Structures are given as C-alpha cells and as structure tokens.
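The next block holds one structure in the form of structure tokens; read it before the comments.
The values are calculated or read from the model by the stated rules, or taken from the named source; none is laboratory data. From a predicted model like this one, the values you see are computed outputs, not experimental measurements. Don't worry about glycine lacking a Cβ; one is built from the backbone with ideal geometry, like all the others, and counts go over all protein chains shown.
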Amino acid sequence: MAWGQATTSELVLALGGLALLVAMFLPWYDGPARASANAWQAFELLDLALLAVVLLAVAPFAASALELAVPRLQLSLAVLGAASCTTILVLYRLVNPPGVDDQGTSAAVGAWLGLLVNAGLVAAAYWVSRGAEPA
C-alpha cells in the first residue's frame, strides 16, 4: 500500500465519510415517552443513500492508497452529487420528520451532525475534484 499517494483532501473526504457512518448510529429523532430512533430505524431509503455516500466518500482515498487505476475525478464528482442530494434530503427530514404521527418528535444530535457532515462532504468532494488541498 502506498499511503503517500493519497492527498490530504482525499483523507479528509474519507474521514468525513466515516464521521457520517458514526452519525447514522446516533439518535436522529426523539419522540414521546423518551423514544429515540437512529438513521437506520427512522428511514426506509435515506439510510441506504447515506450509506452509499459513506462508501463513495472513502473510495478516492482507498483507490489512492491501494494504487488502483480508478479515475479519482469521477469518484469525487460522484461523492459531490450524492452528498449534495443527501444534504438536501436530510435538511428536508429535519423540517419534516419521518413517520405518520410526528407529534412530539424532534430532531436529535445525530440529525444535525448528519446535516453538518453531509455539507462538509460536499465541500471536501469539491476540493478533491478541483485537485486543491483544503487550507
């Protein structure tokens, strides 16, 4: 493995993907009677989209580290597009929580962290696609 091949922005992107994975296990919604739900419990499809973003975010770093002949620009653009979409969807779910009876349901720390990390992934994917290092 050639860890030196990976750029700092690819490392930041990969760490952001791992941070999103961790955030998915935190409580995203608090409901009545102290019930809480993480991303895996609260969503039907958005959790799978978030997992796809995690895998895509780690891909450029893994490709560089493993010296794979994978076009990193296309990978970073895929992360940019996917993370942009999931950022909008997470923001929508912050405004409109999932579930039929959402009375008393409020967003918890995982949802806010998920939004923040998704937005960070958009910025990191942009840096990787431009070939620039974050300052």
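General observations
- Count - residues of region 69-90 that are within 21 Å of LEU48 (Cβ to Cβ) and either among the charged types (D, E, K, R) or without any contact (Cβ under 8 Å) to a residue 60 or more places away in the chain (or both): 14
- Count - residues of region 37-49 that are surrounded by fewer than 17 Cβ atoms within 10 Å (Cβ to Cβ), out of contact with any helix residue (DSSP H, G or I) (no Cβ under 8 Å at 6 or more places or on another chain) and closer than 16 Å to GLY110 by Cβ: 1
- The single condition from (1) assigned to a helix (DSSP H, G or I); (2) surrounded by fewer than 13 Cβ atoms within 10 Å (Cβ to Cβ); (3) over 16 Å from the mean Cα position of the chain (by Cα); (4) not polar (S, T, N, Q) that ILE88 fails is (3).
- Residue within region 118-130 that is at pLDDT below 85, surrounded by 18 or more Cβ atoms within 10 Å (Cβ to Cβ) and within 16 Å of LEU18 (Cβ to Cβ) present: yes
- Where a residue in region 46-68 is touching a residue at least 24 places away in the same chain (Cβ under 8 Å) and its partner, wherever it lies, is outside any helix (DSSP H, G or I), with Cβ under 6 Å and at least six apart: PHE61/ALA6; SER64/ALA6; ALA65/MET1; ALA65/ALA6; GLU67/ALA2
- Annotation: of all residues in region 92-117 being farther than 30 Å from PHE61 by Cα and hydroxyl-bearing (Ser, Thr, Tyr), the one that is modelled with the highest pLDDT is SER106.
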